[in-house]
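One structure is given below, encoded as C-alpha cells.
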Amino acid sequence: MTDFPEFKVPRPDELDLEFYQAVVKAGVLHVQRCNACGTWRHPATYYCPQCASGDYSFAAASGRAKVYSYTVSHVSVEPQWQARAPYVTIVAELEEGPRLIATARDIPANKVAIGMPIRIVPETKSPDFAVFWAESVQGDSR
Amino acid sequence: MAATGSSFSGKAAIVGIGETGYMRGTDQSILQMILAASMTAINDAGLKPSDVDAVIPPPGFVAWDEIAAHLGIPDVRYTSCPQMGGASPTAGLTTAAMAIAMGLAEVVLLPIGWNGYSALRPRPDARPNRRRFSAAFFDVVKNYYAPYGLRSAPWWYSLYLQRYVKEYNVPPEAAGAVALACRAHAQLNDKAMMRGKPLTMDDYLASPYITEPLRKLDCCVETDCAAAVIVTSAERAKDLPHVPVTILGGAEGHPNRPDELINRKDVLDLGLHLAAPRAFKMAGVTPADMDFLQVYDCFTYVVLLELEALGYAKRGEAAGFVKDGNIQLGGKFPLNTHGGLMSQGHCWGMNHIVEATRQLRHDAGPAQVKDCELGLVTGYGDLGDGSIAILARGAR
C-alpha cells in the first residue's frame with residue numbers, strides 16, 4: 001500500500017488536537033511527555049498517570065517501534081478499504097513506551113509478526129490531523 | 001449465605017422478566033420494543049406500572065423519563081444509569097440491589113433494547129437512532145482507530161485478540177467450542193435467531209475471516225430486540241408469583257486505562273479480572289459452585305478471556321476448559337443455555353439475565369440445567385468494562 005485510503009478526516013479537539021498539531025507542525029512523530037517525571041503517554045491526558053503532574057509537552061519520538069499486535073482485515077464495510085483487502089493494521093509499541101495504531105505500508109500479511117522492528121512515519125492529512133504508516137526496517141529487533 | 005454483613009448480598013431479587021422476539025427487521029421503534037419488554041416483565045412479576053419506583057435505563061437510545069412517562073410510572077424515587085455498553089445490564093443489577101438495600105427504592109425496572117440490525121447497518125432503509133451513547137471511547141475511535149479501517153467492534157478487538165492467540169497459541173477450535181455450545185443451545189430455544197441452523201466444527205473452521213483472528217462465526221448476531229427485568233426487595237419478593245432469584249453478589253471492574261484499548265500495561269486484562277473476585281467474595285461462593293455460566297459473548301475469543309478472568313482457567317489456558325463438552329448442556333459448566341449473543345440474539349446481555357432467571361426458577365424448558373441452585377451472569381462493555389452478578393434460587 002503506498003497511498004492511504006480515503007477517509008473522513010476527523011476534527012479532533014482538546015489534547016487530541018494538541019497531539020496532532022504537534023505532529024503536523026514538525027512533520028515527525030511527537031508524543032506527549034511529562035515535564036516532571038519524563039514518562040511518555042498516549043493518547044494524551046491532562047495529568048500524568050505516574051506522578052500526577054499536569055505539566056507536559058509534546059516531544060519528538062524516534063519513530064523506532066516493534067509490532068506489539070496486529071490484525072489482517074479481509075472484510076470492510078468501507079469500499080475504499082475493501083478494495084485493499086487483505087490489509088494489515090499494526091499496534092506499534094514505540095521505543096519510548098506508548099503504543100499507537102498504524103497501517104502497514106510495505107509489510108504483507110504473510111510477513112507481519114509480533115516483535116518485528118518497524119518505523120512509524122506520519123503523513124499529514126490536514127493542519128489538525130495526520131495518519132501513521134508502519135514501515136519495515138532492516139536490522140535486528142533490538 | 002449473605003457473606004459480607006454490610007453489603008446488599010441476599011437483600012434483593014429478580015422477580016420479573018420480559019423480552020421481545022429476536023429479529024432481523026422490525027417495524028417497531030426501540031422505545032416501543034423497550035416498553036413491550038418492560039410491560040411483560042412487570043406483568044410477569046405480578047405487579048403494575050404504578051408499583052415501579054425506580055428505573056435503570058439503557059446507556060443509550062432511550063431515556064428514563066420517556067420510559068416512565070409511557071408506562072405511567074407515577075413516582076420515580078430513584079434513577080441511575082451505568083454507562084458501560086454491554087456491561088450495563090449486569091452492572092445495573094448491582095445498582096438496583098444497592099438502591100433497594102439502602103431503602104432508596106423497592107421495585108426497580110431495568111430495560112434495554114435496540115434496532116441493532118435495522119438501524120446500525122449501512123442500509124438504504126436504516127432508521128437512525130435518535131440518541132447515542134455517552135462515552136469518551138467514541139472520540140478515541142474517531143481520532144485513532146476509524147481512519148485505519150477499524151470501524152466497529154470486530155476490528156477494534158482483533159487488535160488485542162490476535163495478541164492473545166499468538167502469545168498463547170490459542171487454537172481456533174477453542175473459539176469454535178464457544179460458538180458451537182451457543183449454537184447447540186439455541187436449537188432448544190424457540191426465541192433464538194439461529195434455531196434450526198445447527199453448526200459443526202468443520203462449518204466453524206470454514207467460516208471466512210473478517211479480521212484476524214475473528215471469523216464471521218466468532219461474531220455475535222446483529223439483532224432487533226429488547227428485554228427487561230424487575231428487581232425488588234427479598235421481603236417483597238416473598239409475596240410475588242415466582243421463586244425469587246436472589247442477587248448474592250455483584251461487582252464491576254474496568255481496565256486501566258478504560259477509554260482506550262491498546263495502551264494498557266497488559267492488553268489482555270479485562271475489567272472482569274478485577275470484578276469477578278469482588279463478586280465471589282461478596283457472595284461467599286466460588287467459581288466451582290456455579291451450576292451454569294451466562295457469559296457475555298460479543299466474540300468467542302472474548303468469552304475465553306472472560307472464563308480466565310472468572311477463574312476457570314489460567315491466562316492463556318481457556319482452551320482446555322471449553323473442550324470435551326464441558327460448556328455444553330450435560331457438561332460441568334453449561335454456557336449460555338439460551339444461545340447467547342452468538343445464537344439467540346444481541347440484547348446487550350439482558351437476555352443472559354433473563355435466561356439465568358429462567359434457569360433458577362427451573363423454568364428453562366428443554367435447556368434446563370437440572371436442579372440448578374447457583375449461576376452467574378457477566379457483562380462486557382466497550383472497551384473492556386466488566387460486570388458480574390452471582391444469582392441464587394430462592395431466598396438466601
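The values are calculated or read from the model by the stated rules, or taken from the named source; none is laboratory data. None of these values were measured; they are calculated from a predicted model. All Cβ positions, even for glycine, are placed from backbone atoms using ideal geometry, and neighbour counts span all protein chains on display. To get the accessible areas, we keep the full protein, side chains included, count just its heavy atoms, and leave off ligands, DNA and RNA. Shrake-Rupley method; radii C 1.70, N 1.55, O 1.52, S 1.80 Å.
In terms of solvent-accessible area of protein heavy atoms at a 1.4 angstrom probe, what is the ranking of A:H30, B:H254, highest value first? Intermediate results must be reported in sequence, preceding the final value.
On the way: A:H30 25, B:H254 60 Å².
The ranking, largest first, comes out as B:H254, A:H30.
Per 0.36 nm of contour for each residue apart, how much would the distance between B:E66 and B:E167 grow if the chain were fully extended, relative to their Cα-Cα spacing?
31.6 nm
Does chain B come out rounded, prolate or oblate, given a ≥ b ≥ c as the square roots of the eigenvalues of its C-alpha gyration tensor, rounded meaning a/c under 1.5 and, failing that, prolate meaning a/b above b/c?
Since a/c stays below 1.5, the shape of chain B is classed as rounded.
Given the -39500 (n - 2.57) contribution per DSSP H run of 4+ residues, what per-residue ellipticity at 222 nm results for chain A, rounded to the nearest 500 deg cm²/dmol?
About -3500 deg cm²/dmol.
Could you sort the peptides B:215-225, A:7-17, B:62-72 by per-residue average Cβ neighbour count (10 Å cutoff), highest mean leading? Please report the intermediate quantities before stating the final value.
Details: B:215-225: 22.9, A:7-17: 14.9, B:62-72: 17.1.
Those peptides, ordered most packed to least, come out B:215-225, B:62-72, A:7-17.
Using +1 at the C-beta of Lys and Arg and -1 at the C-beta of Asp and Glu, which of B:Y312, B:V221, B:S387 has the Cα lying farthest in the positive direction of the dipole of chain B?
B:V221
For peptide B:249-259, compute the average count of partner chain beta-carbon atoms within 10 Å of each residue's beta-carbon.
Mean number of neighbouring Cβ atoms from other chains: 1.
Between the helical axis of A:14-26 and the dominant principal axis of chain A, each derived from Cα atoms, what acute angle in degrees is found, rounded to the nearest 10?
In chain A, helix A:14-26 runs at an angle near 70 degrees to the longest axis.
Might you report the magnitude of the Cβ-based charge dipole of chain A about its Cα centre, with Lys and Arg at +1 and Asp and Glu at -1, to the nearest 20 debye?
For this selection, approximately 300 debye.
Threshold 50 Å², probe 1.4 Å: give the residues of region A:56-76, in number order, that are less accessible with all protein chains present than with their chain alone.
Buried-area filter returns A:Y68, A:Y70, A:T71, A:H74, A:V75.
Among B:V76, B:V107, B:V322, whose mean-square fluctuation peaks in a Gaussian network model of chain B (Cα, cutoff 10 Å)?
Maximum among the listed residues: B:V76.
Under a 5 Å amide H to amide H cut-off, with H placed in plane at 1.01 Å, what residues pair with B:V107 once short-range neighbours are removed?
The answer is B:D53, B:A54.
Roughly speaking, to the nearest percent, how much of region B:280-360's 1.4 Å accessible area is carbon and sulfur?
Here it works out to 48 percent.
How would you classify chain A from its alpha-carbon gyration tensor, with a ≥ b ≥ c the square roots of the eigenvalues: rounded for a/c under 1.5, else prolate if a/b is greater than b/c, otherwise oblate?
The shape class here is oblate.
On the protein heavy atoms, probe 1.4 angstrom, tell me the percent of accessible surface of region B:94-253 carried by carbon and sulfur. Intermediate values should be presented prior to the final figure.
On the way: 3290 of 6250 Å².
Carbon and sulfur together cover 53 percent of it.
Counting Lys and Arg as +1 and Asp and Glu as -1, each charge on the Cβ, what is the dipole of chain B about the Cα centre in debye, to the nearest 20?
Taking the Cα centre of chain B as origin, the dipole is about 300 debye.
Would you kindly find the accessible area of B:Y117, with a 1.4 Å probe and non-protein molecules such as ligands, DNA and RNA excluded, rounding to the nearest 10 Å²?
Rounded to the nearest 10, the figure is 40 Å².
For region B:106-195, rounded, prolate or oblate, judged on the Cα gyration tensor with a ≥ b ≥ c (square roots of eigenvalues), a/c < 1.5 rounded, else prolate if a/b > b/c?
It comes out oblate by the Cα gyration axes.
In square nanometres and to one decimal, what's the mean projected area of the convex hull around the Cα atoms of the protein assembly as shown?
Computed as one quarter of the Cα hull surface, the answer is 24.5 nm².
Mind giving me the FRET efficiency for A:S53 and B:R315? R0 is 25 Å, r the Cβ-Cβ distance, nearest 0.05 is fine. Provide the component values of the computation, followed by the final result.
Values: r = 33 Å, r/R0 = 1.33.
My answer for the efficiency is 0.15.
Quick one: if you stick a label point 7 Å off each Cα along the C-beta vector at B:E235 and A:Q80, how many nm between them?
6.2
222 nm [θ] for chain B, helices only, -39500 (n - 2.57) per DSSP H run of 4+, per residue, to 500?
After summing the helix terms and dividing by residue count, I get -9500 deg cm²/dmol.
Suppose we keep just the DSSP beta bridges with both residues in region B:258-396; what percent of those would be antiparallel, to 5? Don't skip to the answer; put the middle values down first.
Working: 8 of 12 bridges.
Looking only at bridges with both residues in region B:258-396, the antiparallel portion is about 65 percent.
Per residue, how many Å² of accessible area does the protein assembly as shown show with a 1.4 Å probe? Before the final figure, lay out each step's value.
Working: 20370 Å² over 538 residues.
Here the per-residue accessible area is 38 Å².
What's the ranking of B:255-261, A:22-28 by average number of surrounding C-beta atoms within 10 Å, highest first?
So the order, starting with the most tightly packed, is B:255-261, A:22-28.
In debye to the nearest 20, how big a dipole does region B:122-212 give about its Cα centre with +1 on each Lys and Arg Cβ and -1 on each Asp and Glu Cβ?
So the magnitude is around 620 debye.
Keeping every protein chain in place, order A:Y87, B:Y78, A:Y68 by accessible area at 1.4 Å, biggest value first, i.e. largest first.
B:Y78, A:Y68, A:Y87
Take the cross-link list B:K166/B:K314; B:K166/B:K332; B:K11/B:K238 and give me the ones stretching past 18 Å between alpha-carbons. All intermediate terms of the calculation are to be shown ahead of the outcome.
Working: B:K166/B:K314 16 Å; B:K166/B:K332 28 Å; B:K11/B:K238 12 Å.
From B:K166/B:K314; B:K166/B:K332; B:K11/B:K238, over 18 Å: B:K166/B:K332.
Roughly speaking, what is the stretch gain from A:E14 to A:A113, that is 0.36 nm per residue apart minus the C-alpha to C-alpha distance, in nm to one decimal? Don't jump to the answer; show the numbers that get you there.
On the way: separation 99, 0.36 × 99 = 35.64 nm, distance 3.46 nm.
Difference between extended and current length: 32.2 nm.
For chain B, with a Gaussian network of springs between Cα atoms less than 10 Å apart, report the residue from B:N326, B:N336, B:N263 with the top mean-square fluctuation.
B:N263
What residue among B:V303, B:V165, B:V52 has the largest mean-square fluctuation in a Gaussian network model of chain B, using Cα springs under 10 Å?
B:V165
Compute the relative contact order of region B:73-157 as a whole-number percentage, counting only Cα pairs closer than 8 Å that sit 6 or more residues apart in sequence. Don't skip to the answer; put the middle values down first.
Values: 39 pairs, mean separation 16.8, N = 85.
The value is 20 percent.
How do A:E123, B:E167 rank by accessible surface area computed with a 1.4 Å probe, from largest to smallest?
Final ranking, largest accessible area leading: B:E167, A:E123.
Just checking the output field for B:149-160: average partner chain Cβ neighbours within 10 Å of each residue's Cβ?
Average neighbour count from other chains, rounded to a whole number: 5.
Which of B:N351, B:P255, A:V112 sits closest to the plus end of the dipole of the protein assembly as shown, meaning its Cα is farthest towards the positive end, when Lys and Arg get +1 and Asp and Glu get -1 on the C-beta?
So the residue we want is A:V112.
To the nearest whole number, what is the average tally of beta carbon atoms from other chains within 10 Å of the beta carbons of peptide A:33-46?
The per-residue average across the peptide is 1.
To the nearest 100 Å², how much accessible surface do chains B and A hide from each other in total, with a 1.4 Å probe?
What B and A bury together is about 2900 Å².
If R0 is 22 Å, what FRET efficiency do you get for B:Q32 and B:L120 from their C-beta distance, rounded to 0.05?
0.80
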